[in-house]
Each structure stands twice: as C-alpha cells, then as structure tokens.
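The values are calculated or read from the model by the stated rules, or taken from the named source; none is laboratory data. Only a predicted model underlies this, so the values are computations on that prediction, with no experimental measurement involved. FYI the Cβ positions are ideal-geometry reconstructions off the backbone, even for glycines, and counts take in every protein chain you see.
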Amino acid sequence: MKMILTGNESAAWGARLSRPKVIAAYPITPQTSIIETIASFIANGEMDARYIRVESEHSAMAACIAAQNTGVRTYTATSAHGLALMHEVLIWASGARLPIVMSVVNRAMAPPWSVWTDQLDTMAERDSGWIQVYTQNNQEVLDSIIMSYKIAEKHNILLPTMVIEDAFILSHTSEGVDVPEQKKVDDFIGEYNPAFKLDPEEPAGFGSLIMPEGPYMEFRYKMALAMEEAKKEIKKVVEEFNETFNRNYSPFIEEYRTEDADAIMFVLGTIGSTAKDVVDSMRSEGYKVGVARLRYFRPFPAEEVRRLAKKTNMIGVVDRSYSFGPGADLFAETKSVLYNHTDIPVKNYVMGLGGRDITPAILRKVFLDMLHIAKEGVADKEIEWVGLQGDERWS
Amino acid sequence: MKKLTIPEEEHMLSGHTACLGCGATIAMRYVLKALGKNTILSIPACCWAVIPGVYPHRTLDVPLLYTAFEVTGAAISGIREALDAMGKEDVNVVGFAGDGGTADIGLQALSAAMERGHNVFYIMYDNEAYMNTGIQRSGSTPMGAWTTTTPGGKKRMYKWEPKKSVAEIMVAHHIPYVATATIAYPEDMIAKLKRAKEIKGPKFFQILSPCPTGWRHAPDKTVEISRLAVQTNVFPLYEVIDGKYKISIKPKNPKPVKEYLRLQGRFRHLTEEEIEKIQRHVDENWKALLKKERCSQEEE
Ligand SMILES: Cc1ncc(C[n+]2csc(CCOP(=O)(O)OP(=O)(O)O)c2C)c(N)n1
Ligand code: SF4
Ligand SMILES: [Mg+2]
C-alpha cells in the first residue's frame, strides 16, 4: 500500500509490521513522533504490544533488555542525549546477545543545544556491539527495521541493531512509501524464537560474575565472530528482501556511477542523495566522479571498501561528526581498512555538523577538490573542515 | 501447639559466597520460601550480584537476571510486561536490590515503575551502606554511622544526616502494598510476603539486613541486632495496605537505642550526647508512625 509518510512514521510502521510485543520509550526531539505514532497504533488496537512509558532512555533500554531476555521481541527509539544516556545499557544489550531493534534519529549533542542532524550520537556508540545501518530515505527506514529483526534474531548473530535516520531531513519530511502487507512481513520475519529466556521451568542465570580465567574473553570473541558472520546474513537477508518486496538495496554500499570514477565520495545517510544529484550534473560536464553510500557502519564493510579503492584514484570521505582523533569516524575506519591495500590518497571532509546544510554547491566544490587530488596523487591535507562561518572557499 | 509458618521448600542451595552471618542472605532465603518456585528474580550490582556465586555456579534455583546497578525498577517492568504479553500472568517478578541501588542510584527507575503500577515485587534489602564496594555511605545509612566515606577523622565526619525513609517515599506513590521487615522476624516477613502475593500491582518491601562486615559486629550477632532494631524502635515493622498503616510489632517497653548501637563497631565513636540525639530522633519517628497509623485508620 502506498502511503505518504515522514521518516518517523515510516519507522513506526516498520516497528508495527515487525510485531514487537514490548515497547519501552522516552520522548526526545526529533524522535518523538515515532513513539507518538506507535502509541496511537496501540491505542486504536492496530498494534498488539505492551507500551512501557519509562521515565528515561536508560530505563527504556533496561526495560527492553529485561523484556527481550524474558522471551519477546522489543523495540525502542531515541536520539542524541537519549542514546548517550543509554550508553551503559547499550553495551549490556549486546553483551547479553539480545536482538533488540532500535531506531535512532541522528541529532547533534549539546552544548550548545541543537536538535538538528549530526552523526556524533551514533558514532560515539560504534564500539557498543550494536549493528548500525544508516538510511537514505523513508522507504529504507521502514524496510531496514524489518530486515534488521530478521538479521539480528538469527541464532548465529544475536546482536542488537540501530536503524539510523537523519533528523528532520528524513524524520519530519514526507515521501511516498510502499508499506508492505502484514502477511508478507509475517512470513518474511517469522515468529520470534528466542535462543534463551528467563523461565521458572528451566531456571538459569544471565549475566553473573565471571573471573578473568572464566569465559569473559571468549564471550567477547564470540561477539566479534557474530559481527563478522552478520556480513553473510545481511547479504542473504537483503537479497531475500529485494526479491520478496521488489526492492533494490545493495547490502553494504550503494554505489553510484563509480565504474570509471577518478574520485569517489564516501558518505552516510541522506548526504547520499544530494551527492548523487551532483554526480549526475558533473558527469554531464565530463567530470568522472562517483558516490559510495555506506549502509552499514557496523559491521564495517572492509572488503567492499577495498574493492572500491581498486577502481579509483582518490577517495573523499564525508563525515557529519568529528572524533578528535585521526579525523572523523568514517574517514578513520576507511583509511584503516585501506592501509596495506592501496596507496591512493584519502581525504576527510568534515561538514554539516549541528545540521548545517550540505548543499549541492558545497559538494560540487568538494568533488573538484577530490579530482584535483586524484590528479596530483597526493592529498594537500588529511582533514578539511568544510563550510565554517567566514570560509568563502566552499560556499 | 503452634504451627510453624515458615515453608519448608528451599530455593537457596548451598555454596553462596556471602560473608559469615550475612543478613541479606537470610532475607533472600525467606523471600524465596514465601514466593516459591514460580518466580523470576532481577538483581542489580550489589552484594547479591556476587552472593549467588561465580559463573557457572548459582545458589538459587529460580531464574535470575543480573542487571546494571540503577535499573531494577525498569528491569522488573520489562520482565512483567513480557510475561503478561506471553500470557504468563502467574509468575512472580521480584526485584531484589540493595539500599544504594534503591534509595540512591535506582530511585528514579523505582519511582517510575511503582507509579506505572506494574504487578511486581520490589525488595530493598537494607544493609545501610554500599557494601559491595566496601562500606560507603548511602542515603539509607543511619545517623551517626561510620563508613569509609564518612570516616570520622579529626573533624568527626560521620554520617550525621538522618536515614532516608524509602518506605515512606513508596507510600507517597499510592501503591497497594508497602511493608518493612527484618530477618529476626521471619514469620512476620513471610506472612507479609504471602499477603502481598495476593495483591495485583506494585508491592514494596524494605528488609533490614544486618551486615557484620559493614556494621562491624560479630557474625553471630546478626539476628540479635535485627531483633534489637525492632525492640528499640530503630526500625519499626509495619505495613501500609492501600494507604492504611498497620504497625506489626509495638514493643511494650522499648529498649534504649544505646543497646542496639553498642553492639556495632560503626557506632563505637558516639558520645553520650550524640546517642541522646539519636534516641530523640528514633522517638520522634516512632511517634510520627503511631500518628500515621491512627490517622490512616480513623476513617474506618
Ligand atoms: C553505574 C554504577 N556505579 C557504580 C557502581 C559500583 N557499585 C557496584 S555495587 C555498589 C554499591 C551497592 O550498594 P547497595 O545497593 O547498598 O548494595 P550492597 O552492596 O550494600 O548489598 C556500587 C557503588 C556500579 N556497578 N554501577
Ligand atoms: S558485606 Fe555485608 S551484605 Fe555483603 S555479603 Fe558481606 S555481610 Fe552480606
Ligand atoms: Mg547496601
């Protein structure tokens, strides 16, 4: 069924169709309309789930952990400060191997207060053991929630998943979305089949004290293996989804006109659609540029990134966050997987923090800078902040 | 002949790792005897996160979810709603947390869970300090006590503030059942737990659980100290059902508080005047409790 939905309504529909039995959530701009929409689904009897209106995001995640460990599918959603408040229990959820699915609407962290899009919130949780999928349009928001349950719940994976959408650009913008039939989604995901659960008939303890010689390290190793294994399952599930629902997702990286590109721009989220537009217009002028939009950041698609590097002479990595280390996160990880595999220059373009607009004009200038570097064979510098106030070069 | 009311069934197995004479361990044993096998436990960081034993050992034969320190209120809400969603409404859900995890860091999640009205038990085993981390002051540490963060010193920096009344905070949530209990009165504790089991909604227990290690008393004094806490009115036993107070034990001739204090090294430093002050504080609390009982029963 075609509907006109915002990104947040699409997330709520994705959750509804996946039939979680317990939802625990706390409001924060720009996530709020997800949990409001779900509340009205439940209030109208359109969704059969228990809704715990917790007093904080920390409790939202803690309640989801406990409910999922009891044997039901759960869902929650948050943004920025809410996600940061969850930090402790995010690591608990993944360590406990609970396939919780959560929507995260990317928003900047204060101070100063800013409710606009920025990826610091999710990047700061990259080591929490969660799968992270970044989306580009409302259809992908909805579809990714359904796919995520199916991937996360496989007994060889059992890792929680963040389905991430950009604040306002998706969360509050309406688009035509194809909402799949409930029956088809039911058949696709199947009933929740927990690998273990709290059950008085079979008493077990979950999360007890463990000594250094106990299997703590082995548990972490198994998580690392599961994150690797997730690459295979993602590929399978995305292909099956494409087939069943008539979609066209690439599992890890959406490539756009990368075939003979002199320079390829790496992006996450909605920057992808702007960049593709710019590529079209520059291609018509004869510039050989392309875009690679990474869908998954965890697991990081190392092989696909290396394969792309073989096809081009330069990679420009756009980050909508900064990490005060060796450049921003997508850049640092891209460079690290390319080391020992290629000598092509890689440069970091940091832009759009706190929701600052990333316009086609800016991206065009970035592409021109990238092409220049591709020709020279070396980057003039590693990290470039693009679009700072008073800096005329990029506007 | 009087019949023994303590159930014979046992859900605490041998091999726990608590200190000798640990009151919190006895509290758990009675709670499980009263609630039985059809129970799921949620335990945050606290002594009781260690007492069941190191993986893969477990001294409890009921399912047990270990959680982060401050989440017990949220965790039992999640377990309850999941069970109800699965149609398992008969399973008891029990949060079992220390005073730190209840009065301090977990108060927010607890308050919210009680206010939302889930059908759960929350049991605060009150050993009056953060014992797991080595005896630091909590909001539930009593007036005058030594702890490692109120170590006295030249400035006599002890815990001078009154103990926070968590049970009273729970009463203010208008939940159907609030009770205090202590291990020296197991039949009282078990009767209360069984009464509470019949009530649908949030049920809160504060169980005073002497801790030889933190209170600095001999391990064989645990029960005696627990009994003295009641007989001196330091820790009155009562229940509040639908807002109506009922004091469980009213000592005819309350013993002086001094008798309770002198058995515990944590109060060793107290001067006569300081003991006097604590006595006055205890007397005032007791009077206030009697008044609450009278007022709340009056409308009948
Ligand atoms: C967020 C967080 N802060 C601090 C700790 C460290 N910690 C673990 S148990 C504990 C004290 C527990 O005190 P209480 O709840 O009274 O239980 P007890 O140990 O006395 O039985 C503390 C401070 C923790 N686990 N998590
Ligand atoms: S420190 Fe106290 S509460 Fe903790 S196990 Fe020892 S006696 Fe029990
Ligand atoms: Mg304590």
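Here is a list: A:THR342, A:THR334. Which entry is over 19 Å from A:ARG393 (Cβ atoms) and either crowded, with 18+ Cβ neighbours inside 10 Å or under 20 Å from the mean Cα position of the chain (by Cα) (or both)?
After applying the criteria, what remains is A:THR334.
If you check B:THR5 against the conditions, is it at pLDDT 95 or above and either more than 7 Å from chain A (Cβ to nearest Cβ) or under 20 Å from the mean Cα position of the chain (by Cα) (or both)?
Details: at pLDDT 95 or above: no; either more than 7 Å from chain A (Cβ to nearest Cβ) or under 20 Å from the mean Cα position of the chain (by Cα) (or both): yes.
No: the conditions fail for B:THR5.
For segment A:1-32, give me each residue that is within 14 Å of chain B (Cβ to nearest Cβ) and in a strand (DSSP E or B).
Once the filter is applied, which keeps residues that are within 14 Å of chain B (Cβ to nearest Cβ) and in a strand (DSSP E or B), segment A:1-32 yields A:VAL22, A:ILE23, A:ALA24.
Could you look through segment B:95-115, keep only residues that are within 11 Å of chain A (Cβ to nearest Cβ), of a type outside the set (Ser, Thr, Tyr) and surrounded by fewer than 24 Cβ atoms within 10 Å (Cβ to Cβ), and pick out the one that is farthest from ligand 1 (Cβ to nearest atom)?
Applying the filter and picking the extreme gives B:GLU115.
Determine the pairs where a residue that is without any contact (Cβ under 8 Å) to a residue 40 or more places away in the chain and at negative phi, located within segment B:35-52, has a partner that is more than 10 Å from ligand 1 (Cβ to nearest atom) and aliphatic (A, V, I, L, M) with Cβ atoms under 7 Å apart, the partner being 6 or more residues away or on another chain.
B:LYS37/B:VAL62; B:PRO52/B:LEU60; B:PRO52/B:LEU64
Table: residues versus (1) surrounded by fewer than 21 Cβ atoms within 10 Å (Cβ to Cβ); (2) in the same structural domain as A:PRO360 (by TED's automatic domain parsing); (3) not basic (Lys, Arg).
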position	(1), (2), (3)
A:LEU268	no, yes, yes
A:SER284	yes, yes, yes
A:ALA292	no, yes, yes
A:ARG295	no, yes, no
A:GLU304	yes, yes, yes
A:THR312	no, yes, yes
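Out of B:ALA103, B:ALA109, which single residue is away from ligand 3 (no atom under 16 Å from the Cβ), under 16 Å from B:PHE69 (Cβ atoms) and not in a loop (DSSP other than H, G, I, E, B)?
From the options B:ALA103, B:ALA109, the qualifying one is B:ALA109.
Among the residues of segment A:198-226, write down those that are more than 7 Å from chain B (Cβ to nearest Cβ) and crowded, with 18+ Cβ neighbours inside 10 Å.
Correct list: A:ALA226 only.
Pick out the one residue from A:GLN119, A:GLN132 that is farther than 30 Å from A:GLU218 by Cβ, away from chain B (no Cβ under 14 Å) and within 14 Å of the chain's Cα centre (by Cα).
Numbers: A:GLN132 fails: farther than 30 Å from A:GLU218 by Cβ.
Testing whether each residue is farther than 30 Å from A:GLU218 by Cβ, away from chain B (no Cβ under 14 Å) and within 14 Å of the chain's Cα centre (by Cα) leaves just A:GLN119.
For segment B:61-94, enumerate the residues that are hydroxyl-bearing (Ser, Thr, Tyr) and more than 7 Å from chain A (Cβ to nearest Cβ).
Passing the criteria: only B:THR72.
Using the structure shown, decide if A:LEU142 is away from chain B (no Cβ under 14 Å) and touching a Gly at 6+ places or on another chain (Cβ under 8 Å).
Spelling it out, A:LEU142 is indeed away from chain B (no Cβ under 14 Å) and touching a Gly at 6+ places or on another chain (Cβ under 8 Å).
Please count how many residues of segment B:116-131 are in a loop (DSSP other than H, G, I, E, B), within 13 Å of ligand 1 (Cβ to nearest atom) and not polar (S, T, N, Q).
Qualifying residue count for the region: 3.
For every residue, the table says whether it meets (1) surrounded by fewer than 24 Cβ atoms within 10 Å (Cβ to Cβ); (2) away from chain B (no Cβ under 14 Å); (3) assigned to a strand (DSSP E or B); (4) acidic (Asp, Glu).
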{"position": "A:VAL54", "(1), (2), (3), (4)": "no, no, no, no"}
{"position": "A:CYS64", "(1), (2), (3), (4)": "no, no, no, no"}
{"position": "A:ASN69", "(1), (2), (3), (4)": "no, no, no, no"}
{"position": "A:ALA84", "(1), (2), (3), (4)": "yes, yes, no, no"}
{"position": "A:GLU88", "(1), (2), (3), (4)": "yes, no, no, yes"}
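Residues in segment B:147-155: is at least one surrounded by 21 or more Cβ atoms within 10 Å (Cβ to Cβ), within 16 Å of ligand 2 (Cβ to nearest atom) and at pLDDT 95 or above? Let's see the steps before the verdict.
Applying the first criterion (surrounded by 21 or more Cβ atoms within 10 Å (Cβ to Cβ)) to segment B:147-155 yields B:147, B:150.
Still in the list and also within 16 Å of ligand 2 (Cβ to nearest atom): B:147.
Retained after the next criterion (residues that are at pLDDT 95 or above): B:147.
Taking every residue of segment B:147-155 in turn, at least one turns out to be surrounded by 21 or more Cβ atoms within 10 Å (Cβ to Cβ), within 16 Å of ligand 2 (Cβ to nearest atom) and at pLDDT 95 or above.
Looking only at residues that are of a type in the set (Ser, Thr, Tyr) and away from chain A (no Cβ under 14 Å) in segment B:16-32, which one is farthest from ligand 1 (Cβ to nearest atom)?
Taking the candidates together, the pick is B:TYR30.
When the residues of segment B:54-70 are filtered to those that are charged (D, E, K, R) and surrounded by fewer than 20 Cβ atoms within 10 Å (Cβ to Cβ), which remaining residue is nearest to B:THR133 (Cα to Cα)?
By that ranking, first place goes to B:ARG58.
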